[in-house]
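J.: Pasting a structure here, questions to come.
The values are calculated or read from the model by the stated rules, or taken from the named source; none is laboratory data. What you see is a predicted model, and the numbers here were worked out from it, not measured in a lab. Quick reminder, even Gly has a Cβ in these numbers, built from the backbone with ideal geometry, and neighbours come from all protein chains shown.
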Amino acid sequence: MMIAKNSVQVPLMLKADDVGARFAEWATAGHEYHLRVLKHLFDRKDIEGKAVMDIGAGYGENTGFFILDFGASRATALDEFEGHGSEKCNFDRVNELRDILPGRLNVIKKDIWEFDTREKYGFICAISSLHHIAESKQVLHRNPGLERRVVDLFRKMGGWLEDDGKFAVYETARRNWSPVPTYRRRYRDLVDLSTKQDPRAWLAALKKAGFRRLHLRYPSPVVLDRFGFLHGLFNNYLMCILTNSGYVIEASGFKKI
């Protein structure tokens, strides 16, 4: 059995070939848990065989998972790599990953507000990056200038999707009432929740941009998977703000307005 040099066991999907072994050596020590979380958030059938864009990709670990574990045909890691949630050193890291996945990973160093493309994607995601892209301590609808810019950005992104493509967002809500010390310390002391947006802000902007099918989910924390089918009972807004404050929005059916 292959073991990564950081002593983390190589995930089953990755251990069959040299590319998987090189990825496991490159990845962070917690990459198995990160993969588990990603599988908790997104459905393989939305990604398999499709071109993927990862907005705010950072050092690219999720982007690599989309290719190696979710079966994406190719992926684009888009990030400005200049702070705002993604440090400059991430650019070197993601380029190391590009060398591991030649011809399947494209890295674009660009501010998304200035970026545009004629490429089409079957799946576009923004994982904990929208609040950096549209940074504001105001609720979006109370900042009409920024809201208009966000609507225009979503409309531009809709044009990057295939006809049956999907845009998926993972974000953190503006409040956390968790009694659990780990969550309370993280979301009250380490994370500035005033910079986040509740889902209705993004849903309203996506609808104005021309997305006709919108679906909101509150995935329960991965740790609750131990409860089997019962963990579905925790997938609601109350449990969201009592645990990790996370939510997923899936937008599809884009028609330019």
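J.: Yes or no: segment 159-182 includes at least one residue that is within 17 Å of the chain's Cα centre (by Cα) and in a helix (DSSP H, G or I).
T.: no
J.: Take Asp54 and tell me if it is modelled with pLDDT under 95, crowded, with 21+ Cβ neighbours inside 10 Å and closer than 29 Å to Arg212 by Cα.
T.: Spelling it out, it is not the case that Asp54 is modelled with pLDDT under 95, crowded, with 21+ Cβ neighbours inside 10 Å and closer than 29 Å to Arg212 by Cα.
J.: Please go through segment 172-219 and give me each residue that is over 17 Å from Leu146 (Cβ atoms), hydrophobic (A, V, I, L, M, F, W, C) and in contact (Cβ under 8 Å) with a residue 12 or more places away in the chain, ordered by number.
T.: Within segment 172-219, Ala173, Trp177, Val180, Val191, Leu193, Phe211, Leu214, Leu216 meet the criteria.
J.: Considering only residues of segment 193-210 that are touching a helix residue (DSSP H, G or I) at 6+ places or on another chain (Cβ under 7 Å) and of a type in the set (A, V, I, L, M), which is nearest to Asn176 (Cα to Cα)?
T.: Among them, the one singled out is Leu193.
J.: Counting just the residues of segment 201-221 that are of a type outside the set (A, V, I, L, M, F, W, C) and within 24 Å of Val37 (Cβ to Cβ), which one comes out surrounded by the fewest Cβ atoms within 10 Å (Cβ to Cβ)? Walk me through it before giving the result.
T.: Narrowing segment 201-221 to residues of a type outside the set (A, V, I, L, M, F, W, C): 207-208, 210, 212-213, 215, 217-221.
With the extra rule that they be within 24 Å of Val37 (Cβ to Cβ), the set shrinks to 215, 217-221.
On the way: His215: 12, Arg217: 17, Tyr218: 20, Pro219: 21, Ser220: 22, Pro221: 17.
Once the filter is applied, the top-ranked residue is His215.
J.: Pick from Glu32, Glu48, Glu96: which is among the acidic types (Asp, Glu) and more than 25 Å from Ser220 (Cβ to Cβ)?
T.: Working: Glu32 fails: more than 25 Å from Ser220 (Cβ to Cβ); Glu48 fails: more than 25 Å from Ser220 (Cβ to Cβ).
It is Glu96.
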